[in-house]
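A quick write-up on the structure given underneath.
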Amino acid sequence: MIEPKLPSTCPSCSEPLRVSQLSCPECQTQVSGNYPLPALLRLSKEEQDFIIQFFLSSGSLKKMAQQMGNSYPTVRNKLDDLIEKVKQLIPDEE
């Protein structure tokens with residue numbers, strides 16, 4: 001069974017969605033507020049999968065390139081693009 005993907009953008013205007021409620025299925029406790037989605041949840045499924053694969057390969061781009069059937073420079077460029085995208089999603093901590 002395929003689990004539905006948590007939407008991260010509004011289907012009407014494409015603006016980022018925010019979390020407004022969480023609930024516990026066990027005790028029915030509900031927490032309400034207005035919270036931004038974590039940066040990694042705002043990435044596409046493909047980008048999330050790439051990060052998971054990077055983690056599972058112990059950060060070895062060479063190993064990832066072999067598994068993906070791509071060249072090392074292609075995988076390195078994809079990682080660099082993803083790093084830049086994540087930097088855009090994380091607010092400055094200054």
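The values are calculated or read from the model by the stated rules, or taken from the named source; none is laboratory data. The structure displayed is predicted, hence computed values, not measured ones. Cβ: placed from backbone, ideal geometry, glycine included. Neighbour counts: every protein chain shown.
Select from the stretch 11-28 the residues that are polar (S, T, N, Q) and exposed (fewer than 10 other Cβ atoms within 10 Å of the Cβ) and list them in ascending order.
First pass over the stretch 11-28, keeping only residues polar (S, T, N, Q): 12, 14, 20-21, 23, 28.
Listed by number, the residues that qualify are 12, 14, 28.
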Original post:
Pairs, please: C-beta under 7 Å, at least 6 apart or cross-chain, first residue over 19 Å from residue 40 (Cα atoms) and in the stretch 1-24, second at pLDDT 85 or above and assigned to a loop (DSSP other than H, G, I, E, B)?
Top reply: 23/29
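For the subset of the stretch 33-85 comprising residues that are β-branched (Val, Ile, Thr) and touching a residue at least 12 places away in the same chain (Cβ under 8 Å), which member is nearest to residue 14 (Cα to Cα)? Talk me through it step by step, then tell me what you get.
Step one: filter the stretch 33-85 for residues β-branched (Val, Ile, Thr), giving 51-52, 74-75, 83.
Now drop any that are not touching a residue at least 12 places away in the same chain (Cβ under 8 Å), which leaves 51, 75.
On the way: 51: 24, 75: 29 Å.
My answer is 51.
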